[in-house]
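Take a look at the structure set out below.
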Amino acid sequence: MELSKNYQPGTVEEKWYQHWMDKGYFRSKPDGRQPFTVVIPPPNVTGVLHLGHTLNETVQDILVRRARMSGYNACWVPGSDHASIATEAKVVDMLKREKGIEKSQLTREEFLKYAFEWKEKYGGIIYHQIKKLGCSCDWDRVTFTMDDHYYEAVIKVFVDLYNKGLIYRGARMINWDPKAKTALSDEEVEYKDIQGKLYHVKYALTDAAGNATGEFITIATQRPETIMGDTAICVNPEDERYAHLKDCFAIVPLVKRRIPIIFDTYVDKEFGTGALKVTPAHDLNDYNLGLKHNLEIIDTLNEDGTLSAAAQVFVGDDRFVARKKVIAALAEEGLLVKEQEYTTRVSYSQRNPDTVVEPRISTQWFVKMADLAKPALDAVVNGDVNIHPGDRFLATYKYWMENVKDWCISRQLWWGQQIPAWYTADGTFEVAATAAEAVAQFAKRGITVAAADLKQDEDCLDTWFSSWLWPMEVFNGISQPDNADINYYYPTSVLVTGQDIIFFWVARMIMAGLEYKEVKPFSDVYFTGMVRDKLGRKMSKQLGNSPDLLELIHQYGADAVRFGIMIASPAGNDLLFDDSSCEQGRNFNNKIWNALKLVKMWEARQEVDQTNIAANHFAVKWFQSRLREVQAEVESLHGSFRLSEGLKSIYNLIWTDFCSWYLEWVKPGFEQPIAASLYQQTIQFFEELMQLLHPYMPFITEEIYQLLKYRNADDSLMILQFGKPAAPVTEMLADGDLLKEVISSIRDARTKHQIKPKDPIVLHIETKNENAYKQIESILVKQVNAKAVIYVTEVVPGCINLVVQKDKFYLGTETEVDTAAQKEALEKDLAYLQGFLESVEKKLSNERFVANAKPEVVEVERKKKEDAEAKIKVIAESLKSL
């Protein structure tokens, strides 16, 4: 068949993905092999793949494909998360925009019907993108966190933890999202440093009897809109400025309410005015002060962030509109002393990034985390679960787990698993999976009630309360304990995820796994870095700097996109993404494609060789050793999750060693035949290279594998098994390096001295290792266009002088040689080597370096010193001869 000029990824990718699907290569069933299990971090059903997902899914696919090709029963479970806050917000917006319906006009059942319709319409988009990327997921196992069995599992765990005393209900200060009108956990709050203002406000003072003293106390506040909720002014008992205010009161501006002056060492005398307004309903620290001093709690905000009736003024205004009005009113009454620029940290909702979170006292459901966290901490510290890269994230994990807080798990939403608490008319409740079970539990307490008279808790559970069961429930491990799949596939092998959800998800999955399966959920956790643009900015919709994945695939091909994101992503480190890395991937595709075209040109020019020329051909023996070296190197790099380095090794092997050197060394002359054994060996090398590259770039490697020679329908690169890499022959690698260096040096010399490639030279070599050159002589002659190679023991006059490693080369040409130019070039090389030697000697003379560095590192430096000294000696001798 005629091959296209350049590789055309579009049709190739569609063809092979469908072929793999038709053959069932992605499917997995329990059998006698060792499983390799990966569960996808379930992307939000609302979303599309951004480049962070692209990196994550690519890493997973590389691991899964390589495991499948290494004899494991690889199972990669795909799925998505119902994303309660984000999805409900989108459904609410859709109903308002398309149907003119407010959520408040619907029953819960009606709203959920619309939500599931929305999920069915948009939920498949992300799966389509994952397939376009080439991911080899088991699509028969797609799981959604609101599937019936998953819903059942979440409720079962809630009831169990409640019965164990690990879940409780109570009024606590929580984080409140006024836009979503729901509670948030501490981990769903993001903090931003902003430039704000500190407002200095005067409060009039009265004595114990309520008589005005004519004095004022000034406080500094960032949030004047909460003044109406003040229930005390607090000062430090050691602050002499305010010692005379014992038993005095202050008058809250605008609402004229009398509040006490209290004393507590919590107040920093040096901050602001040293006087603190205490608003227990709207600040966690104020709340704790209020509990300590038995203060009244006045909640001046509604759930949507507008001022409540308790505020008395500006009722119904948004909190930030009210802020401006409060400032204006204070100024009008002469109570605003000054405004001061102030850098502060403000909390925002992770789910609604433009929404400032409000501290709010609310009755919610909580999980006691301390008892669950201890085993999960031990599992990581003891090495049962290995974090990669551990040096960066282990300390962070430990700190969070050692300082863990109780988890607020209730959300004031309808989209999600509804909390299984059942209430009688007077508020008495029972926690049970069904109303019927709750009736039975009430009966045990002597309370007779019908199921129809019970009201289920309106709240649903935090999304993360379902996703922490993910590695188990994708195999029905909670809803159907001890089934064949959970017993075979669990614990999973590797979790690949982003570092930003180490606490949201990773830590909680370890907790849940240890609690319900008494074993870790995975053996290794690989944290990918954050994808940033080339200016170092986090990619976001707001900045408009995140490219569209499908557009990238359309422009460059999926393999090139996978290459582009992996080549720039060392484990755990943020990566700077630029389209140019995808372009590099496309160029790599074309380089391999052109190599295929070159090799296929030789197919019809094979000549049977009875002596098996390939067996003794230097290029074959060298490349075989080089291939073995990289195969072992990649296996080791994969074992330590250094996938980017593995790709770089394969890239250099194919681009440089195979395409630029090996194919040139075995290429027959113009229209000349090629020995059949040499051709067949080249095809075998090409196959092994495609096998090595396949996990990274599956489409082009499968296409080329199929084009290299005739295959039957069941012969697929995707399931071709890796063998154990044999050890390379070290001497062959050294001789190959020598050959490449000599060829490059002679070609450079030709260019410097303007000797055309077609003009032959006579090559004189002065060496103590003539045998090394004998075996590479035929290739060397062809590559540098030498009409003869002569071994000498002394200087050959009238030639171009070169030094390669420890040997001297004299290039005989038909043109006159510029001795001065040669001398200048050698002196330049000598100066460089002397500087290099000095830097190495300085390092080796550093006792701390020699004592602390690994022995192999020190040995490398000593070898550098020895080589530099030898080369300096040879160059010095060459200069003397000139």
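Here are a few things to note about the model shown:
- The Cα atoms of the range 558-638 cover 55, 29, 16 Å along the three principal axes, with the biggest extent listed first.
- Considering only the chain, percent of DSSP beta bridges that pair antiparallel, nearest 5: 70
- Computed from the C-beta positions of residue 247 and residue 191, the FRET efficiency with R₀ = 45 Å rounds to 0.70.
- Of all DSSP-defined beta bridges confined to the range 452-597, some 10% are antiparallel rather than parallel.
- Taking trypsin sites (Lys or Arg not before Pro) across the range 472-558, the ones in a DSSP loop with at most 10 further Cβ atoms lying within 10 angstrom of their Cβ are 541.
- Options 639, 250, 287, ranked by Cα towards positive dipole end of the chain, top entry (Cβ charges): 639
- Across the range 26-41, computed HN-Hα scalar couplings (Karplus, 6.51 cos²θ - 1.76 cosθ + 1.60, θ = phi - 60°) run 7, 6, 9, 10, x, 8, x, 6, 6, x, 10, 10, 10, 10, 5, x Hz from first to last residue, x flagging Gly and Pro.
- Among 772-781, 74-83, the order from most to least packed when residues are scored by Cβ within 10 Å on average: 74-83, 772-781
- Part-to-part distance (alpha-carbon centres) for the range 1-60 and the range 616-650, which is given in Å: 24
- Inter-label distance for residue 48 and residue 594, nm, one decimal - labels placed 7 Å from Cα along Cα-to-Cβ: 3.4
- Full-stretch length increase - residue 374, residue 318 - with 0.36 nm per residue and alpha-carbon distance subtracted: 15.9 nm
- Peptides 350-358, 154-162, ordered by how many other C-beta atoms sit within 10 Å of their residues on average, highest first, read 154-162, 350-358.
- Between the range 485-550 and the range 293-326, the alpha-carbon centres lie 40 Å apart.
- Helix content alone sets the calculated 222 nm mean residue ellipticity of the chain: runs of n ≥ 4 DSSP H residues at -39500 (n - 2.57) each, divided across all residues, give -13000 deg cm²/dmol.
- Residues of the range 444-471 falling in the label zone of residue 426, defined by backbone nitrogen less than 15 Å from a point 7 Å along Cα to beta-carbon, are 445-450.
- Annotation note: GluC sites (Glu not before Pro) in the range 619-716 located in DSSP loop regions with a Cβ neighbour count of at most 13 within 10 Å are 671.
- Loop-located trypsin sites (Lys or Arg not before Pro) in the range 167-249, at most 12 other Cβ atoms within 10 Å (DSSP): 246
- One chain, two ends: residue 284 and residue 107. Fully extended at 0.36 nm per residue, the span grows by 60.3 nm beyond their Cα-Cα distance.
- Identified option (computed log10 I(q)/I(0) by the Debye sum over Cα atoms at q = 0.07, 0.08, 0.10 Å⁻¹; candidates [x] -0.64, -0.86, -1.42; [y] -0.76, -0.90, -1.17; [z] -0.61, -0.79, -1.20): [y]
- On the basis of the beta-carbon distance and an R0 of 51 Å, residue 29 and residue 844 show a calculated FRET efficiency of 0.30.
- Antiparallel DSSP beta bridges within the range 733-881, percent to nearest 5: 65
- Between residue 338 and residue 782, the contour length at 0.36 nm per residue exceeds the alpha carbon distance by 151.2 nm.
- Spatial offset of the range 179-227 relative to the range 409-441 amounts to 37 Å, using the alpha carbon center of each.
Every read-out reported here was derived from the displayed coordinates using simple, explicitly stated rules and does not represent laboratory data. What you see is a predicted model; the values in this text were computed from it and never measured. Glycine also receives a Cβ, built like all others from the backbone with ideal geometry; neighbour counts cover every protein chain displayed.
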